[in-house]
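Notes follow once the structure below has been shown.
The values are calculated or read from the model by the stated rules, or taken from the named source; none is laboratory data. This one's a predicted model, so the numbers in the text were calculated from it and none came from an experiment. Counting neighbours? That spans all protein chains shown, and the Cβs are built from the backbone with ideal geometry, glycine included.
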Amino acid sequence: MSTPHLESNGIQQAITLLRTLYDELQRYREEWRRYRDIQVQLLVELRARARNADSQEHNGLMQRFSGTNVSLIPLADLRTGEVIERFPATAEEISALDGNESRRILEALGLPTEGVPLIVMRSMILQLAAGRA
């Protein structure tokens with residue numbers, strides 16, 4: 001036969017265990033959510049890289065056979081998978097990019113820009129666009 005004190009103590013332990021289980025479940029759900037977000041971002045980046053490889057191959061072939069001022073297929077932003085906005089349409093346009101636009105494009109391609117001279121950034125963009133990087 002149990003006493004009211006022992007029953008109350010058992011109920012308190014059960015409540016404590018349930019709270020602990022609930023807290024662990026919440027932590028697990030948050031970790032799972034972060035894992036899924038990382039998976040989605042990696043998938044976006046992989047698709048953008050594949051798309052960029054195709055664009056680079058096309059751009060490189062066109063430049064080899066038709067000269068350097070052919071229309072370029074724009075590259076995709078690795079963060080969004082979308083075409084990089086205002087991507088230069090020709091090598092001439094790449095040569096005319098200012099520092100802010102050059103940084104924006106290189107950052108969309110996941111490349112560092114801190115301390116990189118403008119002429120080097122332009123060269124990097126041209127090399128990347130034509131698949132020579």
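Does S66 satisfy being closer than 27 Å to I119 by Cα and modelled with pLDDT under 95? In short, yes.
Scanning the range 17-49 for residues that are within 17 Å of R79 (Cβ to Cβ), among the aliphatic types (A, V, I, L, M) and either surrounded by 11 or more Cβ atoms within 10 Å (Cβ to Cβ) or over 19 Å from the mean Cα position of the chain (by Cα) (or both) gives L43, V44, L46, A48.
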